[in-house]
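Each remark here refers to the structure printed beneath this line.
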Amino acid sequence: MTKSRPIHPDFQLLLGFKEQNVIDLFCDIREYILELNPDSNELLYHTHALTAVFSISEKLSDAFCMLPIYTNHLNLGFNKGTLLKDPDNLLTGTGKLIRHIDVKSPKDYRNPKVKALIIEAIDFAIKGMDKPSKSIGETISKIKK
């Protein structure tokens, strides 16, 4: 097990406005993703949703998954979800590339089928990366103060 990475203060402040069950789910799924790929960079945004994006570089284009947090729920999103093998039809959405899994409890992501999707997304991102990353295992806040 890897050492836990602290949540960035900018993100923690905004996360505090969410419902406790959503905060707990976010913290657990974030930890799970970081266990699967401890070297991933975490890019933080606050637009239509408070979002943590996990990337193999410091670029959004190299991201493999994201955790958008809405008012009272969150999703596990896959930036190139339409390109992933999804034999169990776990992924939903209608965009050209992005697909997601609704997260209501840990069983929605802590299972072998979702783990396989995350690992495939990581591998897909690594194969598609054009330049080596300048950052490894960093948290980068893009949140405007």
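Any read-out appearing in this document is the output of simple, stated calculations on the displayed coordinates, not a laboratory observation. Owing to the predicted nature of the structure, the values given are computational and were not obtained by experimental measurement. Every residue, glycine as well, gets a Cβ built from its backbone with ideal geometry; the counts of neighbours run over all protein chains shown.
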In the stretch 9-129, taking the dipole from +1 charges on Lys and Arg beta carbons and -1 charges on Asp and Glu beta carbons about the Cα centre, the listed residue (GLY95, LEU34, MET66) farthest towards the positive end is GLY95
Taking r as the C-beta separation of ASP88 and HIS48 and R0 as 25 Å, the FRET efficiency to the nearest 0.05 is 0.30
Footprinting proxy, TYR109, TYR45: sorted fewest to most Cβ within 10 Å, the residues are TYR45, TYR109
The Rg/Rh figure for the stretch 61-128, Cα atoms and Kirkwood Rh, to two decimals is 0.94
Placing each pseudo-label 7 Å from Cα in the direction of the beta carbon, GLU138 and LYS59 end up separated by a distance in nanometres of 1.5 nm
Beyond 18 Å, the calculated P(r) of the chain holds a percent of Cα-Cα pairs equal to 53 percent
Checked against a 28 Å limit on the C-alpha separation, the offending pairs among LYS18/LYS131; LYS59/LYS96; LYS96/LYS142; LYS104/LYS142; LYS96/LYS127; LYS107/LYS144 are LYS18/LYS131; LYS107/LYS144
Stretched fully, the stretch from LYS131 through TYR70 gains (0.36 nm per residue minus C-alpha distance, one decimal, in nm) 18.7 nm
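Quick one: compute the contact order of the stretch 9-129, relative version, from alpha carbon pairs under 8 angstrom and 6+ residues apart, as a percent.
With pairs under 8 Å counted, the relative contact order is 21 percent.
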Note to self: C-alpha centroids of the stretch 47-88 and the stretch 101-145 sit apart, in Å, by 7 Å
